[in-house]
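A short worksheet on the structure shown next.
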Amino acid sequence: MLKVFLVEDESIVREGIRDNIPWQQYGYQFVGEASDGEMALPLIQKTRPDVLLTDIKMPFMDGLSLSRLVHQEFPDMKIIIISGYDDFEYARGAISVGVEQYLLKPITRAAMQKVLAELKTKIETEREQKNYQEKFQSEVREYEQFSRTDFFVKVFEGRMPVQDIYEEASKLSLKINAPCYNILLFNLQEKRTGENWGMESEGFARKREELLHYFIRYPENLVFRLNVNTYGVLIKGSSEQLPEVTSRCLENVERICRPAQEILQWYVAAGEPVERLSLLAECYSKANHLFAYRFLMPEAHIFTKEICHSAPGEAAGRIRDIDPAKMDTELIRDFILRGTMDEIADFVENFLGSLGEAMQSSMFRNYLTLHAWFVAVSCVEELGFSREELFGLMEREGLTPEGQYDAGELHRYFDGLIEKAIELRNRESDNQSKRILKKALSYIEENYSQETLSLNSVAGEVNVSANYFSAIFSQAMQVTFVEYVTAKRMDKAKKLLRQTQMHTGEIASEIGYKDPHYFSFVFKKTQGCTPREYRAGTKV
């Protein structure tokens, strides 16, 4: 039932409207009254009515002033002006502040019933559309759309001119213009054992959603997915605000993630603010460089220029003085198993750079060369490849573990060794992903018309976590799971609209939508016209 509040300075008129209108019969609840706008405002803020009835001429605060304040604070509230003044200027003023109706006294029950019925229909329609929009956005999860990720990757790699950035952003409905920008990268992974390897836990999934929802609540944040466990956030704002906003984002990542450290690994890095879109590639490069420190400083979680530059970096000149923690080969192993191709250069630079002057020792360089080789061999053999396969890939690049490398060449050796190991890792991952995808696509084809079909149900069918399945699906298909299923359902709906006389409700049920109104909403959202308009157009 909708709530209505009445503001009228003439008590006889106010009481007449209050007592002579059968509010409940019309679908309304009368929640309050006041004699002027000044007294009404706090009561309106308390009762939050759906409809405000207010006189236009009142002492202390008139109806237009009240309407202006109410419309600013409660833009969805419907306002009806009632007045004895048949004056165009009043009507024009009422329209300018978002008033729905302008009624002249004396008001008949029939006139009031007509207005209330129209508003009730309008409010219910708007709410239904809003609910459908929220449901649609929730299903689509804009921050995981492949098109959005692809756009940001091109921008950050410097492959898109500024004019093209604006044009592509407009196509994706991204408000990208701002005085200043910064980039955050964050990675979340569940701590797993052999016993719980497979489907992710509910607690981990809940924490990831909590963190993502924190960012998407604020319009200055544009969130996008980079890979299975890593997301990026483009933060917009003024040059004065951005450092504080960035700091607040880092604090909230820590606030959300630190209490759950027993179930998740989390890392976040922040770039340095830039004032031009053309400098976003530079900002991303710096953020990604800092992000690579998570492999070298796994006990840390937040990486900024200040934090990383203050960390111990220069080793002593003598080998016996080197801190073993700085050359922990488990760091190399961890990077081969979890790092990305884009991060190799930064990781190697940070890893070797932390060893300082000891790199001048040929004996030490030879030790690093061999030890890194054995670590890489161990990793690829665990993945089912042989050391001969890794050696062959390295040999093509003119790199072998028996080689003698100076300090500069050692960077190239490490880059090549890790790159080839990750290449083999990705090859196995791609094969596994193809097997999963083939099984998933077959299952979707057989079940896309079922209402119960969901990302979770398909992930369960192929025995992987929903997050992992979502990532590999969008990467392979270049659309998200929901976009893919929705497109299949819409194609089937169009076929049924063209070739049968089935009603919209029957078609909705046939392709997996329980609510025919929601089906119509999705159809218009994706096809640009209603099902009825599409059917009529195909018969022309």
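The values are calculated or read from the model by the stated rules, or taken from the named source; none is laboratory data. What you see is a predicted model, and the numbers here were worked out from it, not measured in a lab. So basically every Cβ, Gly included, is an ideal-geometry build from the backbone, and we count neighbours across all protein chains shown. Surface accessibility is based on the protein's heavy atoms, side chains included, excluding ligands, DNA and RNA. Shrake-Rupley method; radii C 1.70, N 1.55, O 1.52, S 1.80 Å.
Side notes on the structure shown:
- Residue in the stretch 282-305 that is nearest to N187 (Cα to Cα), counting only those that are of a type in the set (A, V, I, L, M) and open to solvent by less than 30 Å² (accessible area, probe 1.4 Å): A292
- Selection within the stretch 323-340: residues that are open to solvent by 20 Å² or more (accessible area, probe 1.4 Å) and of a type in the set (A, V, I, L, M). The member of this set that is modelled with the lowest pLDDT is A325.
- Residue in the stretch 382-392 that is surrounded by fewer than 17 Cβ atoms within 10 Å (Cβ to Cβ), over 30 Å from K488 (Cα atoms) and among the basic types (K, R) present: yes
- Residue match in the stretch 527-540 (condition: within 23 Å of F146 (Cβ to Cβ) and either within 21 Å of the chain's Cα centre (by Cα) or of a type outside the set (G, A, S) (or both)): yes
- Residues within the stretch 341-381 that are within 35 Å of the chain's Cα centre (by Cα) and open to solvent by 40 Å² or more (accessible area, probe 1.4 Å), tallied: 4
- Selected residue [at pLDDT 85 or above, among the charged types (D, E, K, R), crowded, with 16+ Cβ neighbours inside 10 Å and within 30 Å of L277 (Cβ to Cβ)] from K207, K236: K236
- Among the criteria (1) at pLDDT 85 or above; (2) farther than 20 Å from R255 by Cβ; (3) buried (at least 16 other Cβ atoms within 10 Å of the Cβ); (4) among the acidic types (D, E), the one E167 does not fulfil is (3).
- Screening C257 with (1) under 23 Å from D346 (Cα atoms); (2) assigned to a helix (DSSP H, G or I) gives one miss only, at (1).
- For the stretch 506-521, the set of residues classified as in contact with a helix residue (DSSP H, G or I) (Cβ under 8 Å, 6 or more places away or on another chain) and not hydrophobic (A, V, I, L, M, F, W, C) consists of S509, E510, G512, Y513, K514, D515, P516, H517, Y518, S520, listed by residue number.
- Tabulated pairs, the stretch 393-415, first of a type in the set (S, T, N, Q), second surrounded by 14 or more Cβ atoms within 10 Å (Cβ to Cβ) and at pLDDT 90 or above, C-beta under 8 angstrom, 6+ apart or interchain: T400/F391; T400/M394
- Exclusive hit being under 22 Å from A466 (Cβ atoms), of a type in the set (S, T, N, Q) and either in contact with a Gly (Cβ under 9 Å, 6 or more places away or on another chain) or surrounded by fewer than 15 Cβ atoms within 10 Å (Cβ to Cβ) (or both), set N187, N182, N227, N177: N227
- Sole residue being out of contact with any Leu (no Cβ under 8 Å at 6 or more places or on another chain), open to solvent by less than 30 Å² (accessible area, probe 1.4 Å) and either under 30 Å from E381 (Cβ atoms) or touching a residue at least 24 places away in the same chain (Cβ under 8 Å) (or both), chosen from T526, T486, T504: T486
- Evaluating I183 against the criteria (1) part of a strand (DSSP E or B); (2) at pLDDT below 90 leaves one unmet condition, (2).
- Residue within the stretch 515-525 that is among the charged types (D, E, K, R), under 21 Å from Q450 (Cβ atoms) and under 32 Å from the mean Cα position of the chain (by Cα) present: yes
- Qualifying residue in the stretch 355-363 (condition: closer than 13 Å to H411 by Cβ, touching a residue at least 12 places away in the same chain (Cβ under 8 Å) and outside any helix (DSSP H, G or I)): yes
- Counted as qualifying within the stretch 1-88 are the strands (runs of 3 or more DSSP E) with 2 or more residues that are open to solvent by 40 Å² or more (accessible area, probe 1.4 Å) and within 30 Å of N131 (Cα to Cα), namely 28-34.
- Scanning the stretch 507-523 for residues that are assigned to a helix (DSSP H, G or I), free of Cβ contacts under 8 Å to residues at least 60 places away in the same chain and not aliphatic (A, V, I, L, M) gives S509, P516, F519, S520, F523.
- Set I56, I79: member being in contact with a Gly (Cβ under 9 Å, 6 or more places away or on another chain) and modelled with pLDDT under 85: I56
- Where a residue in the stretch 380-392 is farther than 20 Å from Q432 by Cα and its partner, wherever it lies, is open to solvent by less than 70 Å² (accessible area, probe 1.4 Å) and part of a helix (DSSP H, G or I), with Cβ under 8 Å and at least six apart: R387/V377; R387/V380
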